[in-house]
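Notes follow the structure.
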Amino acid sequence: MESEQIRTWLELMRLPYEYDEETRTYVTTYDIEGRSVRVLISPNKPEWIKVRVRLGRIDKIPEENQLSVLREMLVQNFELDDVTFSMDDNGVLYSENDIPRSSNLENFHSEMTAVVLGSLTFVREIGPKYGLDEKDLFE
């Protein structure tokens, strides 16, 4: 049942997708600055769906810039509407949003757009400001 809701929304948005049954994750692709970027969509908890783009790893950022990049991500969380930057326990940076399962298609679309906007902001503003190597983005 949880997969059907996500599948239905993706089909209504006419987005091509793949589904990984093992991880229960849908993957759709957006073009961001000429690169194909994977947007991952998966049930997170019983009442939530997580939408995220993997931006890269903190250990790929020179140590002297890591704190500045994280600070910039927090500032952008505050400045940009509905954009959330985060990092997991393994040091992977994301643009992500959590969506209540009770959401509708309009909200799902808005949250997906915000994740892509966060990715664009990271590529256009944060990465270049701190000399991040493009080949390390979205890994």
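The values are calculated or read from the model by the stated rules, or taken from the named source; none is laboratory data. What you see is a predicted model, and the numbers here were worked out from it, not measured in a lab. No Cβ is skipped: glycine too gets one built from the backbone with ideal geometry, and neighbour counts run over all protein chains shown.
Annotations for the structure displayed:
- Residue match in region 103-111 (condition: in contact with a helix residue (DSSP H, G or I) (Cβ under 8 Å, 6 or more places away or on another chain), among the aromatic types (Phe, Trp, Tyr), over 13 Å from Ile32 (Cβ atoms) and surrounded by 20 or more Cβ atoms within 10 Å (Cβ to Cβ)): yes
- Within region 7-42, the set of residues being in a helix (DSSP H, G or I) and closer than 23 Å to Phe138 by Cα comprises Leu10 only.
- Consider region 121-136 and keep the residues that are in a helix (DSSP H, G or I), modelled with pLDDT under 90 and not charged (D, E, K, R). The one that is nearest to Trp9 (Cα to Cα) is Val123.
Residues checked against (1) among the hydrophobic types (A, V, I, L, M, F, W, C); (2) surrounded by 15 or more Cβ atoms within 10 Å (Cβ to Cβ); (3) within 16 Å of the chain's Cα centre (by Cα); (4) farther than 20 Å from Thr121 by Cβ:
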{"position": "Trp9", "(1), (2), (3), (4)": "yes, yes, no, yes"}
{"position": "Arg24", "(1), (2), (3), (4)": "no, no, no, yes"}
{"position": "Leu40", "(1), (2), (3), (4)": "yes, yes, yes, no"}
{"position": "Lys60", "(1), (2), (3), (4)": "no, yes, no, no"}
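- Evaluation of Val83 against the conditions (1) surrounded by 13 or more Cβ atoms within 10 Å (Cβ to Cβ); (2) without any contact (Cβ under 8 Å) to a residue 40 or more places away in the chain; (3) within 18 Å of Asp136 (Cα to Cα) shows that the sole unmet condition is (3).
- Any pair with Cβ under 7 angstrom, 6 or more apart, that starts in region 23-43 at a residue that is under 13 Å from Ser3 (Cα atoms) and ends at one that is in a strand (DSSP E or B) and at pLDDT below 90: Arg24/Pro43
- Criterion (at pLDDT 90 or above, touching a Phe, Trp or Tyr at 6+ places or on another chain (Cβ under 7 Å), over 14 Å from Leu137 (Cα atoms) and assigned to a helix (DSSP H, G or I)) met by exactly one of Phe78, Phe108: Phe108
- Set Ser103, Ser95: member being of a type in the set (S, T, N, Q), over 16 Å from the mean Cα position of the chain (by Cα) and not in a helix (DSSP H, G or I): Ser103
- Checking region 47-60 against the condition returns a match, with at least one residue being assigned to a helix (DSSP H, G or I), closer than 14 Å to Leu132 by Cβ and touching a strand residue (DSSP E or B) at 6+ places or on another chain (Cβ under 8 Å).
- Restricting attention to region 114-139, the residues that are free of Cβ contacts under 8 Å to residues at least 60 places away in the same chain and surrounded by 15 or more Cβ atoms within 10 Å (Cβ to Cβ) add up to 5.
- Applying the condition of being loosely packed, with under 13 Cβ neighbours inside 10 Å and of a type in the set (D, E, K, R) to region 42-58 and asking which residue is modelled with the lowest pLDDT yields Lys45.
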